[in-house]
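A.B. asks: Sharing a structure here in structure tokens format.
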Amino acid sequence: MPPVFAHGRLRLYLLKLLDEAPRHGYEIIRLLEERFQGLYAPSAGTVYPRLAKLEAEGLVTHATEGGRKVYSITDAGRAELANRGGELADLELEIRESVSELAAEIRDDVRGAAGKLRSEMRAAASENRRADAGLGDGDTWRTAKEELRRAKEEWKEQARRAKDESRRAREDAQNARRQAKEAHEQAREEVQRIARQVQEQVQGHFARGDWPAGVRDGMSELAGQLGSLARGTTAWSPFTKPEPAGADPDWAKDAAESDDPARDLERLLDRLRDDVRDAARDHGVSAAQLAEARRHLSSAAAHVIALLRNT
């Protein structure tokens, strides 16, 4: 039997199922069996200890309803699930591949069992013919032939079902790869759109000669967009600027300026650094997000430096 879940993956998938809806243990076992199209079902001794461990870690909680524990995911559990989104996508693909491997193994087992059964039936029929050589009605031989016929039909049906399961598993795996590719393209386009939006906003202020507002608004916009990327919640259309929803940092709304513009600029940079650092600490940073953040910061720094050199 090929492995179904690699180390630690069942724990992640339990969080996914509980994120969909609160469930009791038996329902989770039944859902896993359905996801594997009946080819695999974990035991209660596999599922319940992991639920208890997740609860001990504060990732799930439970309430008693009708004498049964109904488990629900906590905010901490959702945060871990969000931080491991890429790993969850890989897990979905692994599950589909596991279904395909299980179906193939079952198909091979069925073929082997059917071949062995045919050999045994032929041997039994031959033995019966020799034992009943003196009988004229041939009842034993006809019975053996009927048993062999039924066995062949059952083997063909099992082989057909295994073939269908394998085909569906391959199709699911192909769909998962296509969806992953589309998600990657969408993320790349979103990052490019954010870069253009921030650049256009900053250049608009620079063109009007209002460089303090340009620096302040550019830094604010960049911090807000980077915070959205870190939380994985940016979902604006490519041609629509997001409506304000209280997500901008407070320091970006503070238009007060002192008599020392250089000191004001240092404070803006300090606040930007603090906001980005807090977002990264609270929500995590992937390698792809780090690369995009570096590109955005380099672009913003280039504009600000060019502006300051021109003054």
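A.B. asks: Looking at Glu94, is it at pLDDT 65 or above, surrounded by 15 or more Cβ atoms within 10 Å (Cβ to Cβ), touching a Phe, Trp or Tyr at 6+ places or on another chain (Cβ under 9 Å) and closer than 25 Å to Gly25 by Cβ?
C.D. replies: yes
A.B. asks: A follow-up question, please. What are the residues in segment 285-311 that are at pLDDT below 85 and not in a helix (DSSP H, G or I), if any?
C.D. replies: Thr311, the sole residue that qualifies.
A.B. asks: In addition: Of the conditions (1) out of contact with any helix residue (DSSP H, G or I) (no Cβ under 9 Å at 6 or more places or on another chain); (2) open to solvent by 60 Å² or more (accessible area, probe 1.4 Å); (3) under 11 Å from Gly25 (Cα atoms), Arg68 fails just one. Which one is it?
C.D. replies: Only one criterion is unmet by Arg68, namely (1).
A.B. asks: Just one of (1) at pLDDT 75 or above; (2) within 30 Å of Glu87 (Cα to Cα) trips up Arg177, so point out which.
C.D. replies: Arg177 satisfies every listed condition except (1).
A.B. asks: Right, next: So Val215 ticks every box in (1) modelled with pLDDT of 75 or more; (2) open to solvent by less than 60 Å² (accessible area, probe 1.4 Å); (3) on the phi < 0 side of the Ramachandran plot but one. Which box is left unticked?
C.D. replies: If we test Val215 against (1) modelled with pLDDT of 75 or more; (2) open to solvent by less than 60 Å² (accessible area, probe 1.4 Å); (3) on the phi < 0 side of the Ramachandran plot, just (1) comes out false.
A.B. asks: When you check Arg107 against the structure, is it at pLDDT 80 or above and assigned to a helix (DSSP H, G or I), yes or no?
C.D. replies: Considered against the rule, which asks whether it is at pLDDT 80 or above and assigned to a helix (DSSP H, G or I), Arg107 comes out as no.
A.B. asks: Since Ala82 meets every condition but one in (1) farther than 23 Å from Glu171 by Cα; (2) out of contact with any strand residue (DSSP E or B) (no Cβ under 7 Å at 6 or more places or on another chain); (3) at pLDDT 85 or above; (4) exposed (fewer than 14 other Cβ atoms within 10 Å of the Cβ), which condition does it not meet?
C.D. replies: Going through the list (1) farther than 23 Å from Glu171 by Cα; (2) out of contact with any strand residue (DSSP E or B) (no Cβ under 7 Å at 6 or more places or on another chain); (3) at pLDDT 85 or above; (4) exposed (fewer than 14 other Cβ atoms within 10 Å of the Cβ), Ala82 breaks only (4).
A.B. asks: Take residues that are free of Cβ contacts under 8 Å to residues at least 12 places away in the same chain and more than 24 Å from Gln179 (Cβ to Cβ) and tell me which of the helices (runs of 4 or more DSSP H) falling wholly in segment 1-85 contain 2 or more.
C.D. replies: Of the helices (runs of 4 or more DSSP H) lying wholly inside segment 1-85, those with at least 2 residues that are free of Cβ contacts under 8 Å to residues at least 12 places away in the same chain and more than 24 Å from Gln179 (Cβ to Cβ) span 25-35, 44-56.
A.B. asks: To continue, here is another question. Any idea how many residues of segment 32-53 are at positive phi and acidic (Asp, Glu)?
C.D. replies: Selection size over segment 32-53: 0.
The values are calculated or read from the model by the stated rules, or taken from the named source; none is laboratory data. Model, not experiment: these values are computed from the prediction. Because the Cβ atoms are built from the backbone with ideal geometry, glycine has one as well, and the counts that use them run over all protein chains shown. The area values use the complete protein model at the heavy-atom level, side chains included, leaving out ligands, DNA and RNA. Shrake-Rupley method; radii C 1.70, N 1.55, O 1.52, S 1.80 Å.
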